[in-house]
Amino acid sequence: MSPLYLLFLGPAGSGKGTQAEKILETFGLCHLSTGDILRGAIRKETLLGKKAESYVEAGDLVPDSLIIDLIKETLTPDRIEKGFLFDGFPRTLEQGEKLKELLLDLGISLTHIFYFDISLEKTISRIAGRRICVDCNKIYHIDYNPPKTCGEDCSGNFIQRSDDTEEKVRHRYDVFEEQTVPLLSFYGEDLLSIDADLTPDEIHRELCLAIEGTKV
Ligand code: AMP
């Protein structure tokens with residue numbers, strides 16, 4: 001079976017991260033979440049973290065050049081062999097074009113591109129209750145999936161992301177509409193639209209059907 005190379009597009013709060021967890025488990029892929037990588041770099045105060053911090057805090061996009069360098073580093077031979085899922089990347093046309101070049105050079109192409117379609121109001125109500133494990137980035141919701149100790153190495157410390165306030169979520173949605181929505185026509189017919197208002201189990205089933213149905 002050839003490796004899967006998946007891409008999840010969608011605004012903050014559309015359920016990409018939650019679905020990524022389930023899909024990684026089901027298909028054994030590597031998770032390439034630019035948001036997780038950036039938050040880790042900010043926590044560790046690396047050079048990348050220092051450069052990215054003010055953008056992430058404001059809910060703005062980190063400059064394309066930084067993200068593209070980061071992606072080049074993540075596309076290692078072992079990940080290519082195993083298969084991967086891009087979650088939150090690309091977010092601009094320039095990133096999309098650069099990714100196309102990178103994959104072409106590597107002789108691979110994306111196998112599935114999913115768009116998580118959801119309204120602004122729904123994302124706001126979801127994100128208000130979102131909590132994240134600081135150690136493994138697992139996502140919880142105070143009502144629908146209350147935080148609990150996730151792994152042996154996790155300290156049980158759950159936080160609300162500083163960019164998860166209503167004001168910042170509204171801003172991030174605007175940024176998504178302005179800068180990321182153009183990617184929907186860039187991917188055109190290759191894009192599979194998912195109704196992100198369905199329950200997590202229903203969405204997982206839809207994703208699996210789409211992936212299983214076309215796996216070679
Ligand atoms: P996320 O966890 O995907 O919601 O990303 C959190 C924040 O990280 C975003 O609001 C951006 O500031 C930054 N970020 C994540 N991925 C990208 C990307 N592909 N391009 C630019 N900025 C990004």
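Read-outs: derived from the displayed coordinates by stated rules, not from any lab. Being a predicted model, the structure only gives us computed values, none of them experimental. As a convention, Cβ positions derive from the backbone with ideal geometry for all residues, glycine included, and neighbour counts pool all protein chains shown.
Tally Lys and Arg at +1 and Asp and Glu at -1 over the other residues with C-beta under 12 Å from the C-beta of Tyr144: what net charge comes out?
So the environment of Tyr144 carries a net charge of +1.
Take a quick pass over the chain and tell me how many lysine pairs come in under 14 angstrom between Cα atoms, counting only ones 8 or more apart or on separate chains.
Lysine pairs meeting the criterion: 6.
Where the centroid of each part is defined by its Cα atoms, how far is the stretch 168-182 from the stretch 70-132 in Å?
16 Å
What does the net charge come to around Gly96 if you take all other residues with beta carbon closer than 14 Å to its beta carbon, with K and R at +1 and D and E at -1?
My count for the surroundings of Gly96 gives -2.
Bin width 10 Å, alpha-carbon pairs only: give the P(r) of the chain as whole percents, running from 0 to the bin holding the largest distance.
8, 34, 41, 17, 1
So how do 84-94, 151-161 stack up, highest first, on mean other-Cβ count within 10 Å?
Result, highest mean Cβ count within 10 Å first: 84-94, 151-161.
For the stretch 26-89, state what percent of all Cα-Cα pairs lands in each successive 10 Å bin, counting from 0 Å until the bin that includes the largest distance.
Pair shares across the bins are 21, 52, 23, 5.
With the crude spin-label approximation of a point 7 Å out along Cα→Cβ, what separation in nm comes out for Glu166 versus Glu45?
3.5 nm
Distance from the Cα centre of the stretch 146-165 to that of the stretch 1-45, in angstrom?
17 Å
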